[in-house]
Amino acid sequence: MNDPLILGLESSCDDTAAALLRGRDILASVVEGQNALHADFGGVVPEIAARAHAERLDLCVERALEQAGVALPKIDAIAVTAGPGLIGGVFSGVMLAKGLATGLGKPMIGVNHLAGHALTPRLTDGLRYPYLMLLVSGGHCQFLIVRGAADFTRLGGTIDDAPGEAFDKTARLLGLPQPGGPAVEAEARLGDERRFRFPRPLLDRPGCDLSFSGLKTALMRQRDKIVAEKNGLTRQDRADLCAGFQAAVRDTLAEKTRRAVALYLDEQPDAPALAVAGGVAANLAIRGALETVCTETDLKFTAPPLALCTDNAAMIAYAGSELLAAGAEDDMTLAARPRWPL
Ligand code: KG4
Ligand code: ZN
């Protein structure tokens, strides 16, 4: 029998997305970003995001159907992000899913957005449970042992900012464009990471928790000091600040990953693997450091292609497919949840 054809919907932050998936085949994946809408405000504005999702989600579905050459009645089930996220957007997705499920008489499943990220390496690489996952994005930073589609153990995470947020704030402090990650990485390549030594937060404490807000403050102080001394920043100052900052994030993530790997290996998994997901996983310095940890500890290292690392609906369709296959299904009482820990 054919795998079911699943329509995935994602609208929990600032990407509106729809995808069609059969098994592990992505037949279509449409992502409409909202960067331009929020650019003037220095961050995602919830009201603007909610409105854009409401206006665009059905168009994304139409485009996905067109791309896949599929008619709407042919879909077998609907998977929708039901949280966590900005409630207006999540609500749009859940309402559309309910409408489609009722109209078509097809099953519907609410998916945790974080589970979508966490299961992506099964979609892209067929990773076997249990694997270790480091989720690093603009909104999230956590270590998870992924045991099943609805079975996660959280080993630790950030107690304040996510690393992507720290990259974005650093870019803002140094007058670089948004999103800050790629801009800071490009500058760092020209800089000397040894000129400024920034703190490696929480390394003195046991466990896998992380903190990035102090790092940003340290960077701001250093910048102000240089500006006071020389009346401004040179290109080299900026590059050196970026290099020092990125090295601190890299070293902190690598050391905490080492600790998470040790906890995970205690369970003697069959095919030990570390997967990374989230926008920050695009950073080559950070990726390289994580790969080194995996080489040291004999773990397979997996990073899904970037388009599937960042927010998309294919990951939601995939997570939904595993949940549906396990017999889960939601009804019209499915709620949109701003908070929903794994
Ligand atoms: O996963 P994502 O697209 O969205 C969510 O946060 O949900 O991640 C976006 C974040 C942004 O903060 C961006 O600055 C960061 O990922 N990012 C990077 C790089 N590319 C994107 N951070 C560091 N280095 C990069 N090359
Ligand atoms: Zn996300």
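Descriptive notes on the structure:
- Ordering of 128-140, 307-319 by burial proxy (mean other Cβ atoms within 10 Å per residue, highest first): 307-319, 128-140
- Note on the range 128-306: dipole from Cβ charges, positive end direction compared against Thr297, Ala188, Leu134; the farthest Cα belongs to Ala188.
- Seen through its C-alpha gyration tensor, with square-root eigenvalues sorted a ≥ b ≥ c, the range 44-170 comes out oblate because a/c lies at 1.5 or above while a/b is not bigger than b/c.
- Vicinal HN-Hα couplings computed from phi for the range 2-13 (Karplus, 6.51 cos²θ - 1.76 cosθ + 1.60; Hz; Gly/Pro x): 5, 5, x, 8, 10, 9, x, 10, 9, 7, 8, 9
- Equivalent ellipsoid semi-axes - Cα gyration tensor, the range 220-279, angstrom: 40, 11, 7
- Among Asp58, Asp3, the order by Cβ neighbours within 10 angstrom, fewest to most, reads Asp3, Asp58.
- Comparing Gly93, Gly191, Gly278 in a Gaussian network model of the chain where C-alpha atoms under 10 Å apart are linked, the largest mean-square fluctuation is found at Gly191.
- Our coupling estimate for the range 243-251, obtained by passing each phi through the Karplus curve with A = 6.51, B = -1.76, C = 1.60 and θ = phi - 60°, is 5, x, 5, 4, 5, 5, 5, 4, 5 Hz, Gly and Pro reported as x.
- The coefficient of translational diffusion for the range 128-306, derived via Stokes-Einstein from the alpha carbon Kirkwood radius under 10 °C and 1.306 mPa s, stands at 95 µm²/s.
- Net lengthening on full extension, Arg51/Ala328 (0.36 nm per residue, minus Cα-Cα): 96.7 nm
- Share, in percent, of DSSP beta bridges within the range 128-306 that are antiparallel, nearest 5: 60 percent
- Rounded to 0.05, the FRET efficiency of the Arg194 and Phe301 pair, given R0 = 22 Å and the Cβ-Cβ distance, is 0.25.
- Near the amide H of Tyr131, within less than 5 Å, lie the amide hydrogens of Val146, all on another chain or at least 5 residues away, with H placed in the peptide plane.
- The range 218-277: GluC sites (Glu not before Pro) in DSSP loop, at most 15 other beta carbons within 10 Å: Glu267
- With both residues required to sit in the chain, DSSP beta bridges show an antiparallel share near 60%.
- Extents of the chain, taken as max minus min of Cα coordinates on every principal axis and listed largest first, are 68, 49, 31 Å.
- Theoretical FRET efficiency, 1/(1+(r/R0)^6), r = Cβ-Cβ of Ala285 and Val227, R0 35 Å, to 0.05: 0.85
- Translational diffusion of the range 255-324, µm² s⁻¹ [Kirkwood Rh, Cα pairs; Stokes-Einstein; 25 °C; 0.890 mPa s]: 183 µm²/s
FYI, it's all coordinate maths here, none of it is from the lab. Source: prediction; values computed, not measured. Here Cβ is always computed from backbone atoms with ideal geometry, including for glycine, and neighbour counts include all displayed protein chains.
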